[in-house]
Every structure is written in C-alpha cells, then in structure tokens.
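Report on the structure given below.
The values are calculated or read from the model by the stated rules, or taken from the named source; none is laboratory data. Here the structure is a predicted model, which means the values were calculated and not measured. Positions of Cβ are generated from backbone atoms using ideal geometry, with glycine treated the same way; all protein chains shown enter the neighbour counts. Accessible surface is based on the protein model in full, side chains and every heavy atom, while ligands, DNA and RNA are left aside. Shrake-Rupley method; radii C 1.70, N 1.55, O 1.52, S 1.80 Å.
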Number of protein chains: 2
Amino acid sequence: MADFSKTDKTTITRLPKRGVYDQETVYAILDEALFCTVAYVREGEPFQIPTGFCRMGDKLYIHGSVGSFYMRELAEKNLPVCISATLIDGLVLARSAFHHSVNYRSVVMFAKPEKVTDEAELYTAFEVFTNKMQPGRWDDVRKPGAGEWKATMVLSFRIEEASAKVRTGGPKDDDEDYALPVWAGVVPLRIEKQSPVADELRKKDVPLPSYLKA
Amino acid sequence: MADFSKTDKTTITRLPKRGVYDQETVYAILDEALFCTVAYVREGEPFQIPTGFCRMGDKLYIHGSVGSFYMRELAEKNLPVCISATLIDGLVLARSAFHHSVNYRSVVMFAKPEKVTDEAELYTAFEVFTNKMQPGRWDDVRKPGAGEWKATMVLSFRIEEASAKVRTGGPKDDDEDYALPVWAGVVPLRIEKQSPVADELRKKDVPLPSYLKA
C-alpha cells in the first residue's frame, strides 16, 4: 500500500550538518513542487494551509494578503511552522496488495516566519515566484505597483532544519510472490501542461508567447 | 501571485450542517488526491506528514506500519489532526504579476483518529486503497495475509468538520491592465499516467492487464 513511511532511499537531513547532495535534493523538490502545506499550532490545535511558494537561496517564501488571518497570525506571533512539499512520481504496483506503494519525493522542514520588508528582496521574491509558475513570464507582465506592495505580505522561512524522503524504483515483493501470474511494475506519473486557454477578455492581437508554445 | 486565500468560489463546509453539493465537492477532491498531509501537535510544536489515503463513506483512512512512530503517537494519544489534500488544476497567468494565481481544489478537515480493528472494515479499506491507486487492481493481486494484517495499523478520521476551497476560471486583472499587450489565460495542468514500466523480475509471460492499457 502507499505507505510513505516505507522508502527505498531515505535522506534525512539537518542541512547545516550534511553534504551538498542532501541540500540539492531538498532544493530540487522545493523548486519543482507547485504548492506546500504550512502547519502551525493555533490555540493548541493543529492547523494547516496549502499555499504557493518559492525558494531563493536558503529561504522559502510564501505570500498572502495583508488581511489574511493566518499570515498575520504567523507574522505577529512568530509561530513555529512545519512545512511540507510532495511530488508523486509513480504508482508502484506490486504482486501483493500489501506492497503497493508510490514513488515520491517529499520535504518536511521546521522554521519560524520572518516578515520580509526589504524592497529588493520583495521584488526578487515576486520575480522568482512568477517565473517558478511559468518560466519566462516575469519579463512579460506588469510589475507590482506601490498599492500591490502594500496589499501583500511576504514571509520567509530559513531552510535549515529540513529532511527529504525519496522512493524510486520498482515494487519490492515477498520472495514467494514473484512466481505469481500478476503483472507488476511502475506507472510513472507526470504533471502535464495542456494547451493554454486564452482569456476571452484579452486584446485580440496578442500572440501566444514563445515560452508557452509546446 | 498564487495566493490560495484568493478564490473565485469558496465552499466552506461544516458537513453535517450543509447540503449534499458541498459534501460531494469534499468527497470528490479526497477521492482524486493521491496524498494528503496530516498535521498534529507534537510536544507543543507543529508536525506534519504526507501520506497516501482513501475515503470510505464519511471516513478518511490512512495506514502505516505498526512500528511507525507517528501512527502509534496518533493512535495512543488520540491526538487531534488537521488534514489537507490539494489538486492543482491550472496556472492562471494574468497581465500583472500581482494577479497571477492557480486554479485548485483543496480540502482542509479536522478530526481525531480512530484505530480500525474491525476485520471487515480493514479488508474493505485495503481494497478501496488499492483500487484508488489503480482502478481494477484489487482483483488482480494477492490479498493481505495474517502477518500483513498484524504489521499494518489503519486509522480512520470522520469527515465531519471539513471545508473545500475551489478556484476556477481565468485571470482577474485590474481594469486598466486589460489594454496591455500581455497574453493572459490559463495553462491547464493534469496528472498524466505514462506508459507502465514492467518490473524486470516479473514472470515473463504475464501480459499487461487491460486496466493499464491506455
């Protein structure tokens, strides 16, 4: 079964104490994942929210409206968070139900929020965020104006206490099950971009940008 | 930017108090999502783990090794959890960086774990879990044996206090930005199954099952 606690290859990392490979693994997962979940303790109870994010150097960035309750709560109370991001790479179909699993890459990290106030850092975070969503996009779009800066809160989290877990490869069956007449293997999964759908309210003479052509 | 707090359509649900539509939305998201994150409070600090899961009726099920620290901690201490599952349906490319977003469907729910001990419920959960991963798979595989039952802990969580959030549709730009010569629209995303890769250790004469043919 898809038990994420069973892994072929586990990279448990406290980043400052480990080598470059582990840090690269953590960063690569964070750079590919389209969302993370931010968990924190709200009045003694667990709470979590899914949100977009980006990474710059050794920091993870999230942003939201300055009116957002959870952003303000995190920032004002300086609450410790646990953040995770997960990529599912394949379905692992074993000969027995028990050994079914998934191939995946995940990061779990612990940190405290820091409210970003430096304008250059804010600007670069917007750029990285936009280009993470769609490489090449930033150069094309209207850049944030003063009102938009004021409406946005950006929090950073230092990627310091982080662990990556990775499962790759085929099923691991019990010895006696290999003789069973059951197909076994992996169904790889991939997030595919479909054909872009233009906003009907667009100017009619704006062509599809090259970075969106397949 | 991909701020999940901005949504076109928000379904906040306390399931028992709302209509069938909301419950259907929550269930459909849970049935499609390949993983969830389970957050809880560990010694005063937030903790979360990504894990596979399935739904049966009004309960969400996760499972793990009986030796798994977090499974035992959840079960023995009866800890309240916050669980979320998220699907990203598209990149929403607006004319301004600020209004970039994603189309998504997410569920956040609150519950307490219940250790599943009823054999019929355990068996059905294994079946639903396996067929959620790959429809048609259960009939094909070796069913769990006694040792496997004993090695597995299954926890259920009643889907009672749950909310779904959904964003669909195109970008929402500021009025004055619609005149900009910037392409805007949506890049739909889909998790695609690639061609199955057979386990090299398989019996050579086992054909690809029909449910895995494109």
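So is A:ALA214 open to solvent by 70 Å² or more (accessible area, probe 1.4 Å), out of contact with any Gly (no Cβ under 9 Å at 6 or more places or on another chain) and either more than 10 Å from chain B (Cβ to nearest Cβ) or part of a helix (DSSP H, G or I) (or both) or not?
So A:ALA214 passes the test.
When the residues of the stretch A:180-199 are filtered to those that are facing chain B (nearest Cβ under 7 Å) and over 30 Å from A:ARG95 (Cα atoms), which remaining residue is least open to solvent (accessible area, probe 1.4 Å)?
Checked the stretch A:180-199; the qualifying residue least open to solvent (accessible area, probe 1.4 Å) is A:ASP199.
Name the residue that is farthest from B:ASN78 (Cα to Cα), counting only residues in the stretch A:42-66 that are open to solvent by 10 Å² or more (accessible area, probe 1.4 Å) and not in a strand (DSSP E or B).
Step by step, filter the stretch A:42-66, then rank; the result is A:GLY57.
Residue check: is A:VAL81 touching a Pro at 6+ places or on another chain (Cβ under 7 Å), modelled with pLDDT of 95 or more and within 11 Å of chain B (Cβ to nearest Cβ)?
Yes, satisfied.
Mind listing just one residue for me: the one in the stretch A:114-130 that is within 10 Å of chain B (Cβ to nearest Cβ) and in contact with a helix residue (DSSP H, G or I) (Cβ under 7 Å, 6 or more places away or on another chain) and, of those, surrounded by the most Cβ atoms within 10 Å (Cβ to Cβ)?
For the stretch A:114-130, the residue satisfying everything is A:THR130.
Take A:PRO144 and tell me if it is closer than 30 Å to A:ALA97 by Cα, under 26 Å from the mean Cα position of the chain (by Cα) and either at pLDDT 95 or above or within 7 Å of another protein chain (Cβ to nearest Cβ) (or both).
no
Answer with yes or no whether B:GLU32 is modelled with pLDDT of 50 or more, over 16 Å from A:THR51 (Cα atoms), open to solvent by 50 Å² or more (accessible area, probe 1.4 Å) and touching a strand residue (DSSP E or B) at 6+ places or on another chain (Cβ under 8 Å).
The answer is yes for B:GLU32.
Filtering the stretch A:67-98 down to residues that are in contact (Cβ under 8 Å) with a residue 40 or more places away in the chain and among the basic types (Lys, Arg), which residue is most open to solvent (accessible area, probe 1.4 Å)?
A:ARG72
Is it the case that the stretch A:156-163 has a residue that's in contact with a Ser or Thr (Cβ under 7 Å, 6 or more places away or on another chain), more than 7 Å from chain B (Cβ to nearest Cβ) and touching a residue at least 60 places away in the same chain (Cβ under 8 Å)?
yes
Any chance you could count how many residues in the stretch B:148-179 are acidic (Asp, Glu), surrounded by fewer than 17 Cβ atoms within 10 Å (Cβ to Cβ) and in a helix (DSSP H, G or I)?
Within the stretch B:148-179, residues that are acidic (Asp, Glu), surrounded by fewer than 17 Cβ atoms within 10 Å (Cβ to Cβ) and in a helix (DSSP H, G or I) number 2.
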